[in-house]
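Presented below is the structure to which this report refers.
Each value in this text was obtained by applying a stated rule to the coordinates, not by laboratory testing. Predicted, not measured: the structure shown is a model, and the values here were computed from it. Don't worry about glycine lacking a Cβ; one is built from the backbone with ideal geometry, like all the others, and counts go over all protein chains shown.
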Amino acid sequence: MSDQSLSALARLVHGDCEPEFRDELRKIFSDELFARRDGLTYQEELRLTYERMRFANDRVSPEELVEHPHRLFALLEFSAVVSPSLFIAMVTHYCGALAAIRELGAGRDDLDEYVTALERMTATGALLITELGYGNSHVSMRTRATYDHERRDFVLHTADEAARKFMPNVGLPGVPKLATVAAQLDIGGEDRGVFLFVVHLRGDDGLLPGVTITQLPEATQVPMDYAVISFDHVRIPMSSLLHDSASISEDGGFHDPIDDQKMRLVRSLTVAQSVRTAQTAALAAAARASAQIALRYSMQRPAMEPGSPWGPVIRHRTQQRPLYTALATAYALTCHANRAKAAKATAMIHNSTNRPVPPSPLDPLPRTLSLTKAITTWKTERLTAECRQRCGARGVFTVNRLLDYQGLAIVSNAAGGDNFLLCLDAARSMIADFHYEPPSGDLLDRDLWLSLLRTRERELHRALKTQDSLTEAVEFVEAHGNRLILESFLDAVSTVDTDGAAAALRPLAELYALTEIQSAAAWYLCEGLLTSAQVRSIPGRLNELCEELTPHVDLLLTAFELPEDLLRVPITNGDLSMVADIVDLPQQRAAMELPVGVAAP
């Protein structure tokens, strides 16, 4: 394995994050504190999550994460690999609370108290946006913050039970919480739009007066202290308002250069962009870990066929095709996540060091980040399910993590914004041609794979402009996302100039592209873009690509930099102790008579 090839692939996988910082993170998360603990109660598991969170925070520099957002995203990726629950806690802390204060309160000294509390983690951060009775609709938010000019503070109040904030991780007693709360700003009896307010929810002595928190039932997919929360005329100081570019004058007058309340809502919820970018990065990391676990196990898992000696199940094409496709998808999602991280990191650095500017309705970044999160979630959910299934019975044991990663993808369908609604919002703006132009070109373009995906996207867009169908809208947006992911993958591959790395990536990229094309083969046939002979030839080419990839799989996996002391999964390290009835595997093999193609336990 060439060191140069491995370095080139590692750069492609990890983007802007320096090797030294990645080494530091691996050391942190390889500590025994992050080893899996069985037999804990639900509450004990939650307390362990916050203990791990504080441990990691004490060993990184918060200022370093602010100045280098790619390091923040790397930290969150590692947290997702060792524990999806830890990721949920950390992403709401760093992105939902701390990044929101820095982005919407740039240059303000009166926010130092909140920033210090979050950086030192004397309080952990939370994000309160969604209201119980209104799902993901934030336009008519019922939580209100009424300005009291005489006292120069605000009164935060929950209008009714339906307006209670839903599902933030604030339910565990004894954990001080500092939240950014989205509320309608009321000045002089007039709504001024939705703003974020920094609010202490719970201190060392318990809940603050007027704050009521009810912990929700246990969640098996990604355990966390989810809760509903309400405010009963809670007084919060003037400094709590993240007013961004708006201002309240000495005489109580209000001025906001963003004079459109819908655009103010978009600006106030810019925090969601950081959260969604982190989710995308975490899901790509979970995809990489899942592909590695399933492939490493398949390289060890014995199988037999008549006339041949025992050998690893990965030699069978029925195992190769789905798992090599998972590997290719993990790389594609990673390349696209890196592009999203780079774009958002640039915006975060700008917003934290410059005077805020009103958002442009034509800015494509929020839409792209939303779609990237949605498409990455769907692909990761399918990928993790496939990897789990390909690991047989052992895939169902939580100790082998695959169910954890699948759970993260399942939860991400709604967390950070409902994927279906995000796609419909994106489709609406793209049909209205807001900063969107359908991709041009035809089948004579230099790249047939991209040309097909671009043509499909363009034709679906054209059809959607003549009919109003929610189902077709999601299909179009998914085609748009698939095209962007393939572009990111191919662009990243084109920058690799090391022969060994390029030799590994070329068949991997083709495998991914042809699998995407095959998934919509019926559409391409109906549109006359592919012939029946071309479609029938795809499976054979995929088999050829599996042959080409096999010598490179170890190199491609090693570039993920996920060593055993980080993953800690018995399925890949030969540990059979989890299977009590296996005493002498070689003797059992000899006694077995398995049908053709059936894998041994």
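If contacts are Cα pairs under 8 angstrom and at least 6 residues apart, what is the relative contact order of the chain in percent?
16
Find out how many positive minus negative residues lie around residue 297, taking Lys and Arg as positive, Asp and Glu as negative, among other residues whose Cβ is under 9 Å from that of residue 297.
+4
Would you pull out the residues with amide H under 5 Å of residue 153's amide H, same chain only if 5 or more places away, H placed 1.01 Å from N?
Hits under the 5 Å cutoff: 148.
Listed highest first by mean packing, meaning other Cβ atoms within 10 Å per residue, what order do 329-336, 102-109 come in?
329-336, 102-109
Divide, for the stretch 1-120, the radius of gyration over alpha carbons by 2.2 N^0.38 Å, where N is the residue count.
Dividing the Cα radius of gyration by 2.2 N^0.38 Å gives 1.19.
Rg (Å, one decimal) plus Dmax (Å, integer) for the alpha carbons of the stretch 125-261?
Both quantities, over Cα of the stretch 125-261: 15.2, 52 Å.
Quick one: angle between helix 402-412 and the longest Cα principal axis of the chain, in degrees between 0 and 90, rounded to 10, please.
Approximately 40 degrees, to the nearest 10.
For the stretch 190-338, what relative contact order do you get, as a whole percent, if you take Cα pairs closer than 8 Å and at least 6 residues apart?
Normalised by residue count, the contact order of the stretch 190-338 is 19 percent.
Return one number: the angle in degrees, 0 to 90 and rounded to the nearest 10, between the long axis of the Cα atoms of helix 365-390 and the longest principal axis of the Cα atoms of the chain.
Orientation of helix 365-390: about 40 degrees from the principal axis.
Let me test this: with uniform point scatterers at the alpha carbons of the chain, what is the Debye-based log₁₀ I(q)/I(0) at q = 0.07 1/Å?
With one equal scatterer per Cα and no solvent, log10 I(q)/I(0) is -0.46.
If you only keep lysine pairs separated by 8 or more in sequence, or across chains, how many in the chain come under 22 Å at the Cα atoms?
7
If packing is taken as the mean number of other Cβ atoms within 10 Å per residue, what is the order of 291-297, 240-246, 169-175, 562-568, highest first?
Order by mean packing, descending: 291-297, 240-246, 169-175, 562-568.
Taking the Cα centroid of the stretch 171-247 and of the stretch 1-42, what is the distance between the two, rounded to the nearest whole Å?
So the separation of the two Cα centres works out to 34 Å.
Between the helical axis of 42-57 and the dominant principal axis of the chain, each derived from Cα atoms, what acute angle in degrees is found, rounded to the nearest 10?
80
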